[in-house]
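This report concerns only the one structure given below.
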Amino acid sequence: MTRTALVTGGSRGVGQGVAAALVTAGWQVYVTSRHGTGPDGTVPLTCDHTDDTQVAGVFDRVAREAGGLDLLVNNAWAAPRGFGGFSDRFWERPVNDWDTLIEVGLRAHYVASVHAARLMVEAGSGLIASISSFGSRGHLHSVLYGMSKSALDKMAFDMGHDLAGTGVTAVSLWLGLIRTELLLSLGVDEFAGFSLRRAEDPGFVGRVIAALADDPDLIDRNGHTLVTAELGAHYGITNNDGTAPDSHRDAFGGGPLFPPAATEPREPRGEDVHG
């Protein structure tokens, strides 16, 4: 039976790579973007994730056409005006940076999760995965960026509490440096001190999510924040060129804050993929 996934912000970057990898893995994949575009093999839907009515319409259509939803990947994100301003201190930036980094980068994930949970809880299964980052653990980009990512981790943790016993799992995912087309076009070997050779392909992230959704122990990860590079090592997944991406755990001062570190490592090499 074909399973159905929805990837928000799936027209480029991480979202595009995740959607394409899920198609390759045999999923029926819907993607949202403001311009209604997506990778080959997906069903692209036009959606402004600041408009709750449009978001509700997306989930209504998925439920009507596919009969339900098995996987939601919360990836929608919007940069504030003057993207280079991430080097500025918070009081030097306009307050309306909130409108993108929080309204889209956080609230949109919550709204989509509400709609997904309504479908999934009724069906008794499903995975809600939100794209977060190591910016929850250490400073990255800006104050509002860090606030939004930390909130996504706590959102997954508390959703996990409410979802306990429903068969539905909520997780937050920490991605490392991503080898997007834009980053690769710069012709550099490293970015912000991290090796591009050991960074993550967008498709790698998608393959990790697909493996996570197939994991018979998925429900044990409910509410957890997970590091995609460490999950890749656990599942034996590599980049397109066969390299294994590095975890940035040490560079940012440790693992996730929610929940506390697991006492039983799941990694064959003793590495803790739970945080």
task = Mind ranking Phe258, Phe191, Phe204, Phe86 by accessible surface for me, highest first, 1.4 Å probe?
result = Phe191, Phe258, Phe86, Phe204
ask   = When the Karplus curve 6.51 cos²θ - 1.76 cosθ + 1.60 is applied with θ = phi - 60°, which whole-Hz ³J(HN,Hα) does each residue of the stretch 180-188 get, with x for Gly and Pro?
value = 6, 4, 5, 5, 5, 5, 6, x, 10
key: Estimated 222 nm signal from helices in the chain, with DSSP H stretches of n ≥ 4 weighted -39500 (n - 2.57), rounded to 500   = -10500 deg cm²/dmol
query = Ordering Asp162, Asp250, Asp70 by how much accessible area each has at a 1.4 Å probe, largest first, what is the list?
reply = Asp250, Asp162, Asp70
ask   = So how do 207-217, 177-187 stack up, highest first, on mean other-Cβ count within 10 Å?
value = 207-217, 177-187
remark   = Excluding ligands, DNA and RNA, the carbon-plus-sulfur percentage of the accessible area of the chain with a 1.4 Å probe reads 53
message = Compute, for the chain, the length of the dipole vector about the Cα centre, with Cβ point charges of +1 (Lys, Arg) and -1 (Asp, Glu) only. Units Debye, rounded to 20.
response = 280
note = With every protein chain in place, the accessible area of Tyr235 for a 1.4 Å probe, in Å² rounded to the nearest 10, comes to 60
key: Pairwise centroid distance, computed over Cα atoms, of the stretch 59-128 with the stretch 138-206, Å   = 13
message = Heavy atoms only, 1.4 Å probe, whole protein assembly: order His109, His115 by accessible area, highest first.
response = His115, His109
ask   = Accessible area per residue of the stretch 1-81 at 1.4 Å probe, in Å²?
value = 46
remark   = Per the rule of 0.36 nm per residue minus the C-alpha distance, extending Asp162 to Glu122 adds in nm 13.0 nm
inquiry  = Defining a contact as two alpha carbons under 8 Å apart and six or more residues distant in sequence, what relative contact order in percent does the chain show?
reply    = 17
Highest-fluctuation residue, Glu103, Glu200, Glu190 considered, GNM on the chain with Cα pairs under 10 Å = Glu190
remark   = Note on the chain: the mean projected area of its alpha-carbon convex hull, in nm², is 14.0
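The values are calculated or read from the model by the stated rules, or taken from the named source; none is laboratory data. Not measured: the values here are computed from a predicted model. Using ideal geometry, Cβ is built from the backbone for each residue, glycine included, and neighbour counts are taken over all protein chains shown. Protein only, heavy atoms only, side chains kept; ligands, DNA and RNA dropped before computing areas. Shrake-Rupley method; radii C 1.70, N 1.55, O 1.52, S 1.80 Å.
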